[in-house]
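Asker: Mind having a look at this structure? Questions to follow.
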Amino acid sequence: MHRALLIEDEAAARADLRARLAAHPEVEIVGEAATFQGARTLLAREDYDLVFLDIRLIGGNAFDLVPAVRPGARIVFATAYDHYALRAFQINALDYLLKPVEPARLADALHRLPPAVAGHDPAQGPEAGALRLDDVVYLRTNLRARFALVGEISVITANDNYTEILLADGAKIFLRKSLKAWEESLPLPHFMRVHRTQIVNLGRVTEYRRDSEERTLLFVAGSSEPVPASRYRWGDIRERLEKLRLGR
């Protein structure tokens, strides 16, 4: 069961979305707010993992509320203005719905939610793998930016306070985001930290082999060089590769 907050300043629009969500028993509305300040108070709670958020609110802009959303909760923006879509993807929103919300689009957004785990208490923090392989992330630095599916990420490498993102097509982007933050949000069992400084998308591993020093080297789509795996993690890596039908 997903627990949702409904933040919308128009009573009619709030009622419409409430009615459409009634067709999805896997979602329970646990709170509603109509103003910016009311939303800030509501977001301080710890019993939700999903937020439907109107962008233009009485008293402020919804993007200013994003830092108040509890870690691990997913955001679905709902608005009558499509020019906010880019900004929504910049913060990795789950989806962006135009009002009036179409039932099919709502169903599609909910389908992209990670499965709710029975007995999980949202107050205990986000579950592993908050992102899905088909989620779109916005990767941006001062020099370049692009949208990419999570599943297109091949390797993430720690580099001081930054991480280097290598995509399956060979593109590289540096982001100011820690390896730990990536590790906590990427989906399992595909993504795994194979040694101290690198996370690999095991679904992008094309082969693996042992070298003369008895190290295991992972050959990954988009990478010109193999990624060495820690010998202490090899058993878990091999098990996951076999589950993904990539083991030899």
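Asker: What ranking do K172, K99 get, fewest neighbouring Cβ atoms within 10 angstrom at the top? Intermediate results must be reported in sequence, preceding the final value.
Answerer: Working: K172 13, K99 16.
The order, fewest Cβ neighbours first, is K172, K99.
Asker: Something else: Using θ = phi - 60° and the Karplus curve 6.51 cos²θ - 1.76 cosθ + 1.60, what whole-Hz ³J(HN,Hα) does each residue of the stretch 93-98 get, with Gly and Pro shown as x?
Answerer: Per residue, the Karplus-derived 3J(HN,Hα) values read 4, 4, 6, 9, 10, 8 Hz.
Asker: Long-range amide H contacts for R3: which residues qualify at under 5 Å (H placed 1.01 Å from N, peptide plane, sequence gap of 5 or more or a different chain)?
Answerer: Excluding prolines and chain starts, which carry no amide H, the hits are E28, D49, L50.
Asker: Another question about this same structure. Tell me, what is the FRET efficiency for M1 and V136 to the nearest 0.05, using R0 = 25 angstrom and their Cβ-Cβ distance as r?
Answerer: Numbers: r = 26 Å, r/R0 = 1.02.
About 0.45, to the nearest 0.05.
Asker: Excluding residues fewer than 8 places away in the same chain, name every one of the aspartates and glutamates whose C-alpha is closer than 20 Å to that of K99.
Answerer: The reachable aspartates and glutamates, counting only those whose Cα sits under 20 Å from K99, are E8, D9, E10, D16, E32, D54, D82, D108.
Asker: Among the lysines, which have Cα under 29 Å from the Cα of K180 when same-chain residues fewer than 8 positions away are ignored?
Answerer: Hits, sequence-local ones excluded: K172, K243.
Asker: Still on this structure, please answer the following. Sorted from fewest to most neighbouring beta carbons within 10 Å, what does the list W182, W234 look like? Can you show the working numbers first?
Answerer: Details: W182 19, W234 15.
Ordered by Cβ neighbours within 10 Å, fewest first: W234, W182.
Asker: Residue by residue through the stretch 233-240, what is 3J(HN,Hα) from phi via Karplus (6.51 cos²θ - 1.76 cosθ + 1.60, θ = phi - 60°)? Round to whole Hz and write x for glycine and proline.
Answerer: Karplus values, whole Hz, x for Gly and Pro: 10, 4, x, 5, 4, 4, 4, 5.
Asker: Sticking with this structure for a sec: Semi-axes, largest first, in whole Å: what does sqrt of 5 times each Cα gyration tensor eigenvalue give for the stretch 136-243?
Answerer: Working: eigenvalues 107, 37, 36 Å².
Calculated on Cα positions only, the semi-axes equal 23, 14, 13 Å.
Asker: Among V137, F191, V155, whose Cα projects farthest towards the positive end of the dipole of the stretch 136-243, with charges put on the beta-carbon of Lys, Arg (+1) and Asp, Glu (-1)?
Answerer: V137
Asker: Here's another thing I want to ask about it. Lys and Arg at +1, Asp and Glu at -1: add these up for the other residues within a Cβ distance under 13 Å of E102 and post the number.
Answerer: Working: positive: R20, K99, R105; negative: D16, D95, D108.
My count for the surroundings of E102 gives 0.
Values in this text are rule-based calculations from the coordinates and carry no lab data. Because the structure is a prediction, the values reported are computed rather than measured. Cβ coordinates were reconstructed from backbone atoms using ideal geometry, including for glycine residues, and neighbour counts include every protein chain displayed.
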